[in-house]
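Colleague: Here it is: the structure, laid out below.
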Amino acid sequence: VVPVVVQATRMLRDKGVVEFVEAARRLRSSGAAARFVLAGAADPDNPAGLPEAQLRAWREEGSVEWWGQWHDMGEVVQDGWNGLLVPVRDAVALAEAIGRLLADPAERARMGARGRERVQDQFSDRQVIRETLAVYAEAAG
């Protein structure tokens, strides 16, 4: 099974999309076996937005896949627990973090299981409904 590395965000320079593509290029050139995916919508009205033509060009050259708008992921990563956080705009640190996970399938599996558990606990339909009902109950006072 080929690992899939996903950056889920709006397609903005400020979100590190360019650095993600650079990290993917570095890892591919070093022989890393993985798919690199950008999951998020283009934001043409934002001055930091990447043009769709650029996103398509990266996809066509094979650097990354661009899936467009995907599910709203929220802030789910806890560094070292269910993922890795890296400094903003640091393609080298990003490539190193991804490389670390690609080299350690057991750690990827542990982080993946923890991430799934966190999403199910905090973002499931049941949890969202529970929190919404609590807000209504508080408002009704």
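Colleague: If I fit a long axis through the Cα atoms of helix 17-29 and take the longest principal axis of the Cα atoms of the chain, what angle between them do I get, 0 to 90°, rounded to 10?
Modeller: 50
Colleague: Between Ala93 and Glu117, what is the label-point separation in nm under the 7 Å Cα-to-beta-carbon projection?
Modeller: Rounded to a tenth, the inter-label distance reads 2.7 nm.
Colleague: So, for the chain, what is the accessible surface per residue at a probe of 1.4 Å, expressed in square angstrom?
Modeller: Per residue, the chain has 64 Å² of solvent-accessible surface.
Colleague: For helix 105-123, what angle does its Cα long axis make with the longest principal axis of the chain, in degrees from 0 to 90 and rounded to 10?
Modeller: It works out to around 30 degrees.
Colleague: Then there is this: Using a 1.4 Å probe on the protein chains only, how many percent of the accessible area of the chain belongs to carbon and sulfur?
Modeller: The value for the chain is 52 percent carbon and sulfur by accessible area.
Colleague: OK, next. Over every pair of different alpha-carbon atoms in the chain, take the mean of 1/r and invert it; report that Kirkwood radius in Å.
Modeller: 16.6 Å is the Kirkwood radius here.
Colleague: Mind checking segment 81-141 for chymotrypsin sites (Phe, Trp or Tyr not before Pro) that DSSP puts in a loop (not H, G, I, E or B) and that have at most 13 other Cβ atoms within 10 Å?
Modeller: Trp81
Colleague: With a point put 7 Å past each Cα toward its Cβ, work out how far Arg10 is from Gln78 in nm, to one decimal.
Modeller: Label at Arg10, label at Gln78, 2.8 nm between them.
The values are calculated or read from the model by the stated rules, or taken from the named source; none is laboratory data. It should be emphasised that the depicted structure is a prediction, and the values quoted were computed from it without experimental measurement. Neighbour counts run over all protein chains shown; Cβ positions are idealised from the backbone, glycine included. SASA here: full protein model, heavy atoms, side chains in, ligands and nucleic acids out. Shrake-Rupley method; radii C 1.70, N 1.55, O 1.52, S 1.80 Å.
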